[in-house]
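What follows is a short report on a single structure.
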Amino acid sequence: MTRHIRHAAAFCVLLLVALLVNTAWLQVLQGPSYGGNPANRRPTIARYQQPRGEILVGGRPVTGSRDTGEQLRYERTYTDGPLYAPVTGFASQLYGTTFLEHTEDGVLAGTDPLLAGFPLWQDLTRARPSGGNVVTTLDPAAQRAAFDGLGPRKGAVAAIEPTTGRILALVSTPSYDPSELSGNGPAVAAAWERLSRDPEQPMLNRAVRQTYPPGSTFKVVTAAAALDAGVVTDLDERTDSPDPYRLPGTTTRLLNEADHCENASLRHAFEWSCNTVFAKLGVDVGVDRMRAAAEGLGFNDEGLRIPFLVSPSTFDTHVDRAQLALSSIGQYNTRATPLQMAMVAAAVAGGGQVRAPYLVERTARRSGGTVSTAGSRPVRQVMRPTTAARLRELMTGVVTDGTGRNAAIPGATVGGKTGTAQHGLGNSGIPYAWCISWARAEGDMEARVAVAVVVEDASARRGDISGGGTAAPIAKAVMETVLRSPTAG
């Protein structure tokens, strides 16, 4: 009898060992494949079983969560969705996440390990911490001023605090309401189809994901390269610049919209945007020094994140002299995002220093405790301080005496550069209107805001489009709002 009991006990132990081995095999070796199986809905159900954390602007949440009572319980909601869509992106049960909803998903969904106060306890209970909050750098008043300034027109605005790199405004129009994509029903699929097929591309973030020929606003870069290289030493000395200017090695003649550009000084050429002067300056500076100036300011950088990826702005370095001349006035293959051109304005305002722009000030637990902060930001000196001072003088002249008068703010020092960028086959497309600028309030030691505005105004007549007439008033509205803000700077 004892022998049978021993055999039965051994068999039971064998079964227990087999059970433990099978369980370990399933959980340790096969677990990842089961967890990633599209047929396994448990991770998706768990993801939406609790409210998502909030994205905050000016201390106020611009997102929320709605209890649907369904299996995927909580849907994302947005306050002023179209206003903040280029920043928040969307969080959709069908189509995933974009922009801050994507890059900060770990914090917002509660899966970031830093949110767990007691990681071992979380592992044992399989409980997920509450979603954390993302505190942005945006100034809500500046964001609204940019959005209202663009109105129904197609375009974008980016505003930066030069002394820190904090992004104060990031707007793209036309926009959309991310709430339309939050759930998983037929209405969401219909909204996705409509938005995806819309020729106006409302889901395109033009401020950071669309590049444009920067036109005459790029002349700030060319002037910086010429001053740093010593090609120009006196802002008021006449240059050797024929009008029209024959592009080197070609029979093509470059003309000007402005008068009195022949042999004009750098000051006059900058204030009235003489193409011939800057095209020849770019050739005189040379491709290597032009490339160094452009890349120092951020062009050709494929790794810029704010924290989501910014499309690289480009300055083509494989060019002949004629192409270099066109590149130096913001044409040919030179392309830039509005954020990039705001960085150019900020570098001039900040004494020739480039600070990496950023959009997230800190992340926090639902209780308010800080999880992470932006911390110190890298700083690069990309032009001589004396060059930056001369450029500030030139940009101030554009606003007081040149094409940028519509950006002037009473009681403040404002510098700017306007531009009208040609594009399309044979430059047949409706030009883009640009304005980049910075502003310093009376009594301030440093500029408090740098702005870039681009407008694709398909409703305007070609001759009515200009950076000074169309884009400068928008830049002024944003800068005025920041200068009035008691918390700016």
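The values are calculated or read from the model by the stated rules, or taken from the named source; none is laboratory data. Everything quoted here is computed from the prediction, not taken from an experiment. No Cβ is skipped: glycine too gets one built from the backbone with ideal geometry, and neighbour counts run over all protein chains shown. In case anyone asks, the SASA skips ligands and DNA or RNA and just uses the protein heavy atoms, side chains included. Shrake-Rupley method; radii C 1.70, N 1.55, O 1.52, S 1.80 Å.
Close contacts from the range 67-90, counting a first residue that is farther than 19 Å from F308 by Cα and of a type in the set (A, V, I, L, M) and a second that is open to solvent by less than 20 Å² (accessible area, probe 1.4 Å) and outside any strand (DSSP E or B), with Cβ to Cβ under 9 Å and a gap of 6+ residues or different chains, come to L72/G183.
When S65 is tested against (1) open to solvent by less than 30 Å² (accessible area, probe 1.4 Å); (2) modelled with pLDDT of 95 or more, only condition (1) is not met. Among the residues making up the range 225-263, those that are among the small types (G, A, S) and closer than 21 Å to M290 by Cβ are A225, A226, A229, G230, S241, G249.
Scanning the range 321-360 for residues that are open to solvent by 40 Å² or more (accessible area, probe 1.4 Å) and under 15 Å from the mean Cα position of the chain (by Cα) gives R335, R355.
Residues being within 22 Å of G131 (Cβ to Cβ) and touching a helix residue (DSSP H, G or I) at 6+ places or on another chain (Cβ under 9 Å): count how many of those fall in the range 367-391.
2
Can we say P199 is closer than 27 Å to V455 by Cβ, modelled with pLDDT of 95 or more and either in contact with a strand residue (DSSP E or B) (Cβ under 6 Å, 6 or more places away or on another chain) or not aliphatic (A, V, I, L, M) (or both)? Yes; evaluated as a whole, the condition is true for this residue. Pairs under 7 Å by beta carbon, first residue more than 9 Å from A225 (Cα to Cα) in the range 283-297, partner assigned to a helix (DSSP H, G or I) and open to solvent by 20 Å² or more (accessible area, probe 1.4 Å), six or more apart or different chains? If the second residue must be assigned to a helix (DSSP H, G or I) and open to solvent by 20 Å² or more (accessible area, probe 1.4 Å), the pairs left are V283/R321. Of the candidates T233, T252, the single residue that is surrounded by fewer than 21 Cβ atoms within 10 Å (Cβ to Cβ), of a type in the set (S, T, Y) and in contact (Cβ under 8 Å) with a residue 60 or more places away in the chain is T252.
Among the listed residues R366, R380, R390, which satisfies the condition of being in a loop (DSSP other than H, G, I, E, B) and touching a residue at least 60 places away in the same chain (Cβ under 8 Å)? Give the steps one after another, and end with the answer.
On the way: R380 fails: in a loop (DSSP other than H, G, I, E, B); R390 fails: in a loop (DSSP other than H, G, I, E, B).
Of the residues listed, the single one that is in a loop (DSSP other than H, G, I, E, B) and touching a residue at least 60 places away in the same chain (Cβ under 8 Å) is R366.
Might you check whether a residue that is part of a strand (DSSP E or B), over 24 Å from G106 (Cα atoms) and open to solvent by less than 40 Å² (accessible area, probe 1.4 Å) occurs anywhere in the range 179-187? Taking every residue of the range 179-187 in turn, none turns out to be part of a strand (DSSP E or B), over 24 Å from G106 (Cα atoms) and open to solvent by less than 40 Å² (accessible area, probe 1.4 Å).
Can you confirm whether Q323 is free of Cβ contacts under 8 Å to residues at least 12 places away in the same chain, touching a Phe, Trp or Tyr at 6+ places or on another chain (Cβ under 8 Å) and assigned to a helix (DSSP H, G or I)? Here the answer is yes, as Q323 does meet what is asked.
Entry remark, the range 270-279: residues being assigned to a helix (DSSP H, G or I) and either surrounded by fewer than 24 Cβ atoms within 10 Å (Cβ to Cβ) or out of contact with any Phe, Trp or Tyr (no Cβ under 9 Å at 6 or more places or on another chain) (or both) number 2 in total.
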